[in-house]
1. Need a quick list: strands (runs of 3 or more DSSP E) entirely within the stretch 4-101 having at least 1 residues that are surrounded by fewer than 20 Cβ atoms within 10 Å (Cβ to Cβ).
2. Across the stretch 199-226, which residue is surrounded by the most Cβ atoms within 10 Å (Cβ to Cβ) among those that are within 16 Å of the ligand (Cβ to nearest atom) and not in a loop (DSSP other than H, G, I, E, B)?
3. Kindly provide the set of residues from the stretch 209-224 that are out of contact with any Phe, Trp or Tyr (no Cβ under 8 Å at 6 or more places or on another chain), among the aliphatic types (A, V, I, L, M) and modelled with pLDDT of 85 or more, ordered by number.
4. State which residue pairs qualify: first residue without any contact (Cβ under 8 Å) to a residue 60 or more places away in the chain and inside the stretch 126-147, second residue of a type in the set (A, V, I, L, M, F, W, C) in any location, beta carbons under 8 Å apart, and separation of 6 or more residues or different chains.
5. May I ask you to list the residues in the stretch 128-158 that are part of a loop (DSSP other than H, G, I, E, B) and of a type outside the set (A, V, I, L, M)?
6. In the stretch 201-208, is there at least one residue being of a type outside the set (V, I, T), modelled with pLDDT under 90 and over 28 Å from L51 (Cβ atoms)?
7. Cβ-Cβ distance below 9 Å, separation of 6 or more or different chains: which pairs start in the stretch 181-199 with a residue that is over 12 Å from P220 (Cα atoms) and of a type in the set (S, T, N, Q) and end on one that is near the ligand (Cβ under 9 Å from one of its atoms) and assigned to a loop (DSSP other than H, G, I, E, B)?
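The values are calculated or read from the model by the stated rules, or taken from the named source; none is laboratory data. Here the structure is a predicted model, which is why all the values come from computation and not from measurement. Cβ coordinates were reconstructed from backbone atoms using ideal geometry, including for glycine residues, and neighbour counts include every protein chain displayed.
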Amino acid sequence: MNRTALQQCSYGVYIISAQGSGKLNGQIANTVCQVTSDPATVSVCINKQNLTHELISGSRAFSVSILAEETPMQFIGRFGFKSGRDTDKFEGISYRMGPSKSPIVLDHATSYMDCELAGSMDAGTHTIFLGRVVDAEVVGDGRPMTYEHYHNVKGGKSPKTAPTYAGAGGDDTTEKKGETMASYKCNICGYVYDPAEGDPDTGIGAGTAFEDLPYSWVCPTCGAAITEFEKMA
Ligand code: FE
C-alpha cells in the first residue's frame with residue numbers, strides 16, 4: 001500500500017472545542033467534513049485518548065473554529081501538541097460560549113460552527129462524531145488554512161494521536177538543509193529547525209544557526225524548551 005495516496009486527500013486545520021465539569025478544552029483536528037446541508041450537519045474524527053473526546057461525549061456538543069493561513073505555529077502547537085489535562089489552553093485567548101454551551105475559539109479563526117451532537121460511530125482508535133450545526137458565523141477575513149499549507153509552507157507535523165499520523169519518518173515534508181549549519185529536531189513533536197529558513201513567526205531570520213538562537217526560544221509547534229532539541233545527523 002502506498003500511503004502517499006492517503007496524503008493526497010484535502011483537509012483543513014480546525015480547533016474542536018468542548019467543555020465539561022467547569023473545564024474548557026480544544027484540540028487541533030484536520031478531519032472536519034460537511035455531511036448534509038439540510039439540516040446542516042458536520043462530522044469530526046477524534047482520538048479516544050484525547051480529553052476533547054471525553055468532553056464531547058459528556059456534554060454532547062462541540063464547536064469547530066476554522067483557522068486562517070496566517071495562524072502562528074505557536075498557536076497551533078498550544079492546541080495540537082499539548083494536553084488539556086495538564087494545561088488550560090483557553091487562558092488568555094479570545095473565545096465565546098455558543099448556544100450549544102461549547103467554547104468557541106475566535107483567535108486566528110476565519111469562521112466557526114457550533115454543534116449539538118447528533119450521532120457517533122466507533123472507528124477503532126477514534127470516534128466519528130456527527131454535529132448538528134446550531135450556529136455558524138464568519139469572524140475573520142483571512143483564507144482558511146489547508147492541511148497541505150500547514151505541512152508544506154509552515155513545516156507542521158502530525159501528533160501521534162491524529163487520524164492522519166503516518167508513523168515516525170512517514171510524515172516528513174521535504175527539508176532544505178543549510179549548507180554548513182545543522183538542522184535540529186524537537187524530541188517532543190518532531191518539528192525540525194532549519195537554519196536556512198529560521199523561524200519567521202518569532203522574528204528569527206533565515207540563515208540563523210541553531211546555536212545562535214536566544215535561550216528563551218521555544219519549539220514553534222509544541223512550545224518545548226530549546227534543550228529538548230537534538231542535532232540531526
Ligand atoms: Fe516541538
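1. It comes to 14-20, 23-29, 32-36, 41-47, 95-97.
2. Within the stretch 199-226, the match that is surrounded by the most Cβ atoms within 10 Å (Cβ to Cβ) is D199.
3. Listed by number, the residues that qualify are A209, V218.
4. That search, which allows pairs on different chains as well, returns V134/C115; D135/M113; V139/L106; V139/A109.
5. G140, D141, G142, R143, K154, G155, G156, K157, S158 - these are the residues of the stretch 128-158 that are part of a loop (DSSP other than H, G, I, E, B) and of a type outside the set (A, V, I, L, M).
6. yes
7. Listed by first residue and then by second, the contacts come to N187/A224.
Condition check ((1) under 19 Å from the mean Cα position of the chain (by Cα); (2) modelled with pLDDT of 80 or more; (3) within 16 Å of the ligand (Cβ to nearest atom); (4) of a type in the set (D, E)) across all residues:
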| site | (1), (2), (3), (4) |
| --- | --- |
| G124 | no, yes, no, no |
| V133 | no, yes, no, no |
| M145 | yes, yes, no, no |
| H151 | yes, no, yes, no |
| K157 | yes, no, yes, no |
